[in-house]
Amino acid sequence: MEINFRGTVILYSVHKNLYTMRFARLIATGTATCSIIGSSLGVGVIFAGFLEALSKNPELEKILFQYTLLGFALCEAIGVAGLGIVFMLFFGDS
């Protein structure tokens, strides 16, 4: 390919790189979504464990519920951080 007077070959290569960057951004966004899925699974496991422990030791309900809420908050914090990363990747400028 040769470059003509208007430089169309150069413009083609620049556009090709922009499309590659957009594609890479979409792949990274999809990958970062896995933290949200993991957070959801973690919350389910935590509450399933709470219900099982509560059925075996009903007198420890208050302590078990406090630990369950702590685990829930930590799982949700990871999910929210992952969601922030997804938004930064998807809507960020570059």
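The values are calculated or read from the model by the stated rules, or taken from the named source; none is laboratory data. Just so we're clear, the structure is a prediction, and the values are computed from it rather than from any experiment. In this analysis, Cβ positions are derived from the backbone assuming ideal geometry, glycine residues included, and neighbour counts consider all displayed protein chains.
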_I want to confirm something. Restricting to the stretch 65-80 and keeping residues that are of a type in the set (G, A, S) and out of contact with any helix residue (DSSP H, G or I) (no Cβ under 7 Å at 6 or more places or on another chain), which single residue is farthest from A32 (Cα to Cα)?_
A73
*For the stretch 42-69, how many residues meet the condition of being loosely packed, with under 12 Cβ neighbours inside 10 Å, among the polar types (S, T, N, Q) and assigned to a helix (DSSP H, G or I)?*
2
_I'd like to know if the stretch 3-20 contains one or more residues that are outside any helix (DSSP H, G or I), more than 23 Å from I78 (Cβ to Cβ) and modelled with pLDDT of 85 or more._
no
_Residue within the stretch 33-41 that is under 25 Å from the mean Cα position of the chain (by Cα) and outside any helix (DSSP H, G or I) present_ = yes
*Would you mention how many residues in the stretch 66-79 are in contact (Cβ under 8 Å) with a residue 24 or more places away in the chain and not charged (D, E, K, R)?*
5
*Under the condition of being modelled with pLDDT of 90 or more and of a type in the set (F, W, Y), which residue from the stretch 55-94 is farthest from the chain's Cα centre (by Cα)?*
F65
_I'm trying to understand the selection: among the residues of the stretch 63-94, which are small (G, A, S) and over 30 Å from M21 (Cα atoms)?_
G71, A73
